Amino acid sequence: MKKRLLVLGMIACLFGLTACGNNESAQVLTEEEEAAAQVADSYISQIAQIEADGTADQYIAYDESLEGVFSSWESGMEDLGGYVETTGHDVDLSDNKEVVVNVDITGSALDPKGQPRTATVEVIYTAKDYKKGLPRWCPGCGDHFFLASLHKAMAEIGVPPYETAVISGIGCSSRLPYYMNTYAMQTIHGRAAAIATGFKVANPDITVWQISGDGDGLAIGGNHFIHAVRRNVDINMILLNNRIYGLTKGQYSPTSPRGFVSKSSPYGTVEDPFNPAELCFGARGHFFARAVATDAAGTVEILKAAYAHKGAAVCEILQNCVIFNDGTHDTVYTKEGRAKHAIYLEHGQPMLFGENKEFGLMQEGFGLKVVKIGENGVTEKDILVHDAHCQDNTLHLKLALMEGPDFPVALGVIRDVEAPTYDEAVNRQIEEVKEKKAYHNFTELLYTNDIWEVKE
């Protein structure tokens, strides 16, 4: 009998499978497959620990769907004895809708031949595990495209919903937490980064996704944005950039171009906009990526890269507002447009673009220039190779600032550099201070220093 194991931690459902011989896989796992296997292992060990601690009732109270998990666990343990270890994996990532991990586990009980009893656990991650509600955005809004990509990315990453939080501010895009089957919170205008920072510091084991629009994140929330980036808090900061205030009916935003005509600038804006990448790098940002909302594959890839990066990971998502600013990213909004007007950057690969990869980027003085392969003796060997891990962000910034018609729009992971994270440093400092103190709780604190006894 085949049983499905969903991402909510329903690992134990499959321990009721008939014990079988150890089928330890000789498969050599890729980094992505190994990550999925590690997540599957963590689910198994978590369930085992929950049962060992006797805290199953707490988890059942949190989610009624887990009630059957623990009963299946108990019946499975009658054959397996007790969970000992995982012994092998078989990972299938070929299906675009799900990631399947077959985990071989060993129990403490012995079979008639004196060998440890084993069983195979099938862990399936699907986008459905993260979905909730019915999105209420305008038809054609880029938020729809991004939400689908976020669900898919979370499924492929494999962090369970109960270990994930999605936090937003105010705006059209900031309704997104209502459509996530995770911890979720819509905060107040511009404060998403501040709330996300506090949440991550207080809950270091939770994966935090911050969702903001260009107005919410860079106008009233601008200070919070730059300080979250400067501190390098380990949160995934998603900036949905449609260059307009949509929820309040079409006012210009901090990313609207000079001369932009809107309800709040009927004669055109007289100011230059923020470039999110430039702002990120100016705040000493260590990760910046960009994708187009309609490019599902490209969006999923940068979201997975943001999760893998430890620290503030800023992802700019280019999208149109079909009501108030339709067509603002039209040059790259279609597959055909991206083939002509965008360059997909990949670490360690030459910076080639065009429908047939006939163009490339070279250094010219302190800037960049576009060249055509085969003209003027230019070969692929002359083309710059992307180094996303370079500490110096000079070239990263030049790439991020490129725009048409003279240059292609840079997509993909532009910068990805390791650095200490704020949340880890804070929690490490707390533990170090606690070790040096004579007290470890509030009661001990009260009785550690001077004490006065009041008598009548």
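When the stretch 285-338 is filtered for residues that are of a type in the set (D, E, K, R) and in contact with a Ser or Thr (Cβ under 6 Å, 6 or more places away or on another chain), only Lys310 remains. All of Phe288, Phe281 fail the test of being part of a strand (DSSP E or B), farther than 19 Å from Lys335 by Cα and in the same structural domain as Phe145 (by TED's automatic domain parsing), apart from Phe288.
Of the residues that sit in the stretch 418-456 and are among the aliphatic types (A, V, I, L, M) and more than 30 Å from Ala306 (Cα to Cα), which one is surrounded by the most Cβ atoms within 10 Å (Cβ to Cβ)? Checking each candidate, the answer is Leu445. Candidates His347, His309: the one that is over 15 Å from Val409 (Cα atoms), of a type outside the set (A, V, I, L, M) and assigned by TED's automatic domain parsing to the domain that holds Trp137 is His309.
Does Thr294 satisfy the criteria of being assigned to a loop (DSSP other than H, G, I, E, B), under 21 Å from Gly213 (Cα atoms), without any contact (Cβ under 8 Å) to a residue 24 or more places away in the chain and in the same structural domain as Ser212 (by TED's automatic domain parsing)? No, not satisfied.
Screening Val270 on (1) surrounded by 15 or more Cβ atoms within 10 Å (Cβ to Cβ); (2) farther than 21 Å from Ala410 by Cα shows it passes everything except condition (1). A single entry from Thr248, Thr269, Thr255, Thr197 fulfils the requirement of being within 20 Å of the chain's Cα centre (by Cα) and of a type in the set (Ser, Thr, Tyr): Thr197.
Checking each residue in the stretch 356-404 for being among the hydrophobic types (A, V, I, L, M, F, W, C), in contact with a strand residue (DSSP E or B) (Cβ under 8 Å, 6 or more places away or on another chain) and more than 16 Å from His286 (Cβ to Cβ) picks out Phe359, Leu361, Met362, Leu368, Val370, Val371, Ile373, Val378, Ile383, Leu384, Val385, Met402.
If a residue must be closer than 30 Å to Glu418 by Cα and of a type in the set (D, E, K, R), how many such residues does the stretch 258-287 contain?
Of the residues in the stretch 258-287, 2 are closer than 30 Å to Glu418 by Cα and of a type in the set (D, E, K, R).
Filtering the stretch 343-371 to residues that are assigned to a loop (DSSP other than H, G, I, E, B) and out of contact with any Lys or Arg (no Cβ under 8 Å at 6 or more places or on another chain) leaves Glu346, His347, Gly348, Gln349, Met351, Asn356, Lys357, Gly365, Phe366.
The values are calculated or read from the model by the stated rules, or taken from the named source; none is laboratory data. A quick note: this is a predicted structure, and the numbers were derived from the prediction, not measured. Using ideal geometry, Cβ is built from the backbone for each residue, glycine included, and neighbour counts are taken over all protein chains shown.
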